[in-house]
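Worksheet for the structure shown next.
None of the figures in this text is laboratory data; all of them are computed from the coordinates on show. All values reported here derive from a predicted model rather than from experimental measurement. Cβ coordinates were reconstructed from backbone atoms using ideal geometry, including for glycine residues, and neighbour counts include every protein chain displayed.
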Amino acid sequence: MKPTLADSFEVAAGLASGISKYASGLGIDAEPIARACGLDPSRFSVIGERISLDRLCRYMEALAMISGDDCFGLQSAEAFQKGASGTFGYAMMNAATLHECLVFMGRNLHKISESSVGTLEVGPRKTYYQWTYSPLILHRTQYVDMGIAQSFAHFRSFLGDDVRDLKVELERKPPKNMNLHRKILSRDVGFNAQVNTIIFPSSFLSRTNPHADARLFAMMSKSMDDIPSRTPDDGDPVSAIRLHVAENLEANTPTLTGEAERLGMSSRTLQRRLTAAGTSMQAIIDECRKEMAGKLLLETNLTLSSIGYKLGFSAPAAFTRSALRWYNMTPSEFRRKHQPANRK
């Protein structure tokens, strides 16, 4: 499958280790579905292996659709074995206190699942852990559900049944059966949030893990510290610009001057780099708009005006003119011709 901008974001393959097993228990042969999404399921069990986060999310969405269960990801976590994510998982298992666990998680989660936001804020009464992903990852509901259920399995080592006193806010739309989230996670789960959030009473942070191994935790923490923080655009200014443009089309379409400043070089130097690469700032913006337009038209049910706005066009007519140039047809014609039947 042709690489996309969204493929720039990766995740530790081990986080998906239980998906095929859970799907099999439902009578679903998940392997051909994974391959159709551009994934090799045999890599899910390889420690240290990384796969495309976007393709994993697509895979999980497909399984949720086939199973008819919009809580597929949440329930698939029951087939996940602690430690399957390797060094990260073993460290989480062996932290001495919940505070130690959360600090480790806040410092290292982005190394196994590249997120655009991941913050830990410890207050006198409440502690907040928040995270979200690039807007290029359009379908992440099932993945986020699976990930938070896996995290709650770790939190139970410290809190036991008190884990149900945590508060959870999720970006996803409310599922058909909200009781499953409240049963598996917490009594207090909200939906349609701006970012995913877990709220802990700060009094819980001193809770201990009876199975902790301080020496093993120190070793695993050191190993994680030795892993450099990867950014999806490492070492290539053109790729860096392309990714940054795609993520910011809606908010504020980047400019050559702004990108040069962000990358720590002069506008003239950046222009030379782009010219040498056979492109320009305007060409990159146009390429990103074209790729994102295709994703939004075919993978969402957003209105054409909403899509045009997300692409940074000031008026629907401007989006239509660009679509005629890209596809030789209007946005609505492109959607009717290419959109899968299950989204029509």
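Laid out as a table, the results:
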read-out: Rounded to the nearest 20 debye, dipole of segment 5-225 from Cβ charges on Lys, Arg, Asp, Glu; value: 380 debye
read-out: Relative contact order of the chain, defined on C-alpha pairs under 8 angstrom at six or more residues apart (%); value: 15 percent
read-out: On Cα atoms only, tilt of 267-276 relative to the major axis of the chain in degrees; value: 80 degrees
read-out: Where Rh is the Kirkwood radius over Cα pairs, Rg/Rh for segment 5-225; value: 0.94
read-out: Estimated [θ] at 222 nm from DSSP helical runs (n ≥ 4, -39500 (n - 2.57)) normalised by residues in the chain, nearest 500; value: -14500 deg cm²/dmol
read-out: Within straight-line cross-link reach of Lys183, aspartates and glutamates at Cα separation under 12 Å, skipping those fewer than 8 residues along the same chain; value: Asp161, Asp165
read-out: Value in Å of the Kirkwood radius, where segment 237-343 supplies the Cα pairs that are averaged; value: 14.6 Å
read-out: Sorted by Cβ density within 10 Å, fewest first, the residues Ile19, Ile227; value: Ile227, Ile19
read-out: Rounded Å value of the spacing that divides the Cα centres of segment 207-229 and segment 114-180; value: 21 Å
read-out: Formal net charge of residues neighbouring Leu120 (Cβ-Cβ distance under 13 Å; K, R +1; D, E -1); value: 0
read-out: DSSP-assigned coil residues among trypsin sites (Lys or Arg not before Pro) in segment 159-220, each with at most 13 further Cβ atoms within 10 Å; value: Lys176, Arg187
read-out: Listed residue pairs exceeding 26 Å between alpha carbons, taken from Lys126/Lys310; Lys173/Lys310; Lys167/Lys310; value: Lys126/Lys310; Lys167/Lys310
read-out: Degrees separating the helix 316-327 axis from the principal Cα axis of the chain, which is the longest one; value: 80 degrees
read-out: Listed residue pairs exceeding 20 Å between alpha carbons, taken from Lys2/Lys295; Lys111/Lys222; Lys2/Lys111; value: Lys2/Lys111
read-out: Helix 214-225 vs. the chain, principal-axis angle (Cα, 0 to 90°, nearest 10); value: 10 degrees
read-out: Fewest-first sequence of His211, His181, His244 by Cβ atoms within 10 Å of each Cβ; value: His211, His244, His181
read-out: Highest to lowest packing among 314-323, 51-60, scored as the average C-beta count within 10 Å; value: 51-60, 314-323
